[in-house]
Amino acid sequence: MNQGAILLQIATRFALLSLLSFGGVNVVLPDAHRFVVDTQHWLTDQQFADFFAIAQAAPGPNFLIFALIGWQVAGMLGAITATLAIVVPAGTMAFVVGGLWHRFRNAPWRRATQTGLAPVTIGLVFSSALVLSGAADHDWLTFAVTVVTAVVALGTKLNPLWLFAAAGLLGIVTMS
Amino acid sequence: MSDAQDIAAPRAGVDGLVDLYVAFMQISLSGFGGAINWAHQALVTQRRWMNDEDFTETLSLCQFLPGPNIVNFAMCLGQRQHGLSGSLAALAGVFSVPLVIFILLGFLYSEFGQIAFIHGFLSGISAAAAGFIITIGVRLAQPHRRRPLSIFFGLAAFIGVGMLRFPLLDVMLTLAPLSVAIAWWRQS
């Protein structure tokens, strides 16, 4: 496939995900994984998991995992295209709706939409957890890291960066 | 309406655009564990561009709409202060510098990602990050745990997208209208 066709695919696919990301980009990660790993074979499972790790730990918003995917697939232009595709459709909507907000903030359909979407969003966040754990956990040790992180993060107010640092060090010690 | 005294007026013209750009760059670079805590710090406490009530209301709009919350927040506040150019300045603040950092990281990853200790480091972090998403899910699910309908729709989405790997669009188009219609019917 030539570069232009790939960029177009990135743009259209990620733009669709942008408009579906009710609750943030965590809910569209399973579909992104499905597209870039399972369908297109642009990334391996491990690369997807690594990009997710980088996006979580690096300074900057998490949605830039899409920039990393774009970079891997089509270099600099890929990174920029992917970022704009995630940002522009949702951003345009926020711009338009933001201006009208006061008119309908108490409208009953708005409350119904919010109430109705919430459980679907939660199911999608757990889908993300499942897909990411599938990509990241290849033995009992990594699986244990996932479980322990979830339990500790739930039970404490510890900054997750400490957990990531500990898990990263454990990874260095055990895997290299 | 917001109390005029505790809101600082945005600066006019290009100065105002620069302010927006810098504010949102600061928020997006410091944002781990949800940029939103930092947004409150930067926009309400530090710059007094909004009061608490304003902030909460804008945030609820941004969470309601699709897309990264921080992007939506930048578009809304930017627009309120300086129209379209304000939105664009704030949006540029959100992703310009982080994008450069991420492209650099992507480059480093493709050059050095296969080195054993970096590979091990990332494997550890990705396992932990997957665990952190479970935490986010559990926190979001807490208020819903006694609502059978929420559990039904949550499970349906999880089974459809997570386990069966159906396309997100199909699952959303099936579940969202149904779930919203039921919510509508129950509240009226």
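No value in this document is a laboratory result; all are computed from the given coordinates. As the structure is a prediction and not an experimental result, all values here were calculated from the model. Please note: Cβ atoms are built from the backbone with ideal geometry, for glycine as well, and neighbour counts cover all protein chains shown.
Overview of values
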| item | result |
| --- | --- |
| Stretch gain in nm, segment B:Glu111-B:Thr56, where the contour uses 0.36 nm per residue and the Cα spacing is subtracted | 15.5 nm |
| Values of log10 I(q)/I(0), in the order q = 0.09, 0.12 Å⁻¹, for chain A under a Debye, Cα-only, solvent-free model | -0.38, -0.66 |
| Efficiency of FRET from Cβ geometry, A:Gln40 and B:Ala181, R₀ 30 Å, rounded to 0.05 | 0.30 |
| 15 Å beta-carbon shell around A:Gly171, net charge (K/R +1, D/E -1) | -3 |
| Cα radius of gyration and Dmax for the protein assembly as shown (Å) | 20.1, 60 |
| Karplus-derived 3J(HN,Hα), 6.51/-1.76/1.60, for each residue of region A:56-67, Hz, glycine and proline x | 6, 8, 7, x, x, x, 5, 5, 6, 3, 5, 5 |
| Relative packing of B:73-84, A:149-160, which averages over residues the other C-beta atoms within 10 Å, highest first | B:73-84, A:149-160 |
| Cα-only Debye scattering, region B:30-93: base-10 log of I(q)/I(0) at q = 0.25 Å⁻¹ | -1.20 |
| Simple Cβ-charge dipole of the protein assembly as shown, Lys/Arg +1 and Asp/Glu -1, about Cα centre, in debye nearest 20 | 900 debye |
| 222 nm mean residue ellipticity, helices alone, for chain A (DSSP H n ≥ 4; -39,500 (n - 2.57); rounded to 500) | -26500 deg cm²/dmol |
| For B:Ala42, net neighbour charge (Lys/Arg +1, Asp/Glu -1) across residues whose Cβ lies under 15 Å away | -1 |
| Chain B: DSSP helices with Cα axial extent of at least 24 Å and average Kyte-Doolittle hydropathy no lower than -0.5 | B:13-30, B:69-112, B:116-141, B:168-187 |
| Spin-label zone in region B:72-92 - amide nitrogen under 20 Å from a point set 7 Å from the Cα of B:Val14 along the C-beta vector | B:81-92 |
| 5 angstrom amide H check on A:Phe22, placed H, neighbours 5+ away | B:Gly67 |
| Cubic angstrom per residue, convex hull over Cα atoms of region B:1-150 | 151 Å³ |
| Distance-filtered residues of region B:98-133 - backbone nitrogen under 19 Å, label point 7 angstrom along A:Ala144 Cα→Cβ | B:120-132 |
